[in-house]
Amino acid sequence: MNKAVAASVSLVLAAAVWLGLPATSSAADPAAAPAAGTMPPLERIKSTPKGQLKNPYQDSDKAIVEEGRKLFLRASCNGCHGGSGGGGMCPPLTNETWVYGGDDDTLFRLISEGSDALQKDGYHRIGKENVVGPMMPFGTIVKSDDDLWKIITFVRSNWRGSEAKKYGDASKHATDAPLDVGKH
């Protein structure tokens, strides 16, 4: 194997480990989860234990943020959350209130399943906003997990709150005892 191929293989394996994917996969292992970007969001959450979904993108990557913006608009997220996530008939996505939590895993599951299914999965509201309506599921509207990560990256790029709370409040967990903050 030449040096370029060896370096490429090493890079792919390192990326797989960083993404939490198996470093090797074979046709003999049907239980191995497909690589990021190749699976519909609802299938991705079914195949990944709670707390293990991690966004492979950084909100400093302008090309990914722009792709995420286009996907945000294409999925009509702006119809409820406003064009840049600043709010509308649904909560803003740019302030310090994460209704169910701001970690990657919770956001991915919330967007995929919607708030009613998320609650059935044992999540509870940990933040309060003026708008308390349910969030509809987008797991069949957004076609791939990669597209959903790009949308989440766009949302994070528009964050206007404290950096310390950008990924949620670590002292609060949406699977802890529920707060009395409303049904949805």
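The values are calculated or read from the model by the stated rules, or taken from the named source; none is laboratory data. What you see is a predicted model; the values in this text were computed from it and never measured. Accessible surface is based on the protein model in full, side chains and every heavy atom, while ligands, DNA and RNA are left aside. Shrake-Rupley method; radii C 1.70, N 1.55, O 1.52, S 1.80 Å.
How much length is gained on full extension from LYS50 to LYS143, taking 0.36 nm per residue of separation minus their Cα-Cα distance?
Values: separation 93, 0.36 × 93 = 33.48 nm, distance 2.08 nm.
Contour length minus Cα-Cα distance gives 31.4 nm.
Computed from phi, the 3J(HN,Hα) profile of segment 157-165 under the Karplus parametrisation 6.51, -1.76, 1.60 (θ = phi - 60°) reads 5, 9, 4, 10, x, 5, 4, 5, 10 Hz, with x in place of Gly and Pro.
Shape index of segment 52-101: Rg/Rh, with Rg the Cα radius of gyration and Rh the Kirkwood radius from the inverse mean 1/r over Cα pairs, equals 0.99.
Whenever you get a sec, compute what percent of the accessible area on segment 34-159 sits on carbon and sulfur atoms (1.4 Å probe).
Numbers: 3070 of 5660 Å².
Result for segment 34-159: 54 percent of the exposed heavy-atom area is carbon or sulfur.
At the residue level, ASP59 shows approximately 40 square angstrom of accessible surface with a 1.4 angstrom probe and all protein chains present.
Pairs to check: LYS50/LYS120; LYS70/LYS165; LYS143/LYS166; LYS54/LYS150. Give those whose C-alpha atoms are more than 22 Å from each other in this structure. Table pairs above 22 Å Cα-Cα are LYS70/LYS165; LYS143/LYS166. Largest to smallest in accessible area, the residues HIS81, HIS124 fall in the order HIS124, HIS81 (1.4 Å probe, all protein chains included). Solvent-accessible surface of protein heavy atoms, probed at 1.4 angstrom with all chains present, puts TYR57, TYR167 in the order TYR167, TYR57, largest first. Using 0.36 nm per residue and subtracting the Cα-Cα separation, the extra length available between LYS70 and GLU96 on full extension is 7.0 nm.
Full extension of the chain between LYS166 and ASN130 gives 11.0 nm of extra length, using 0.36 nm per residue less the Cα-Cα distance.
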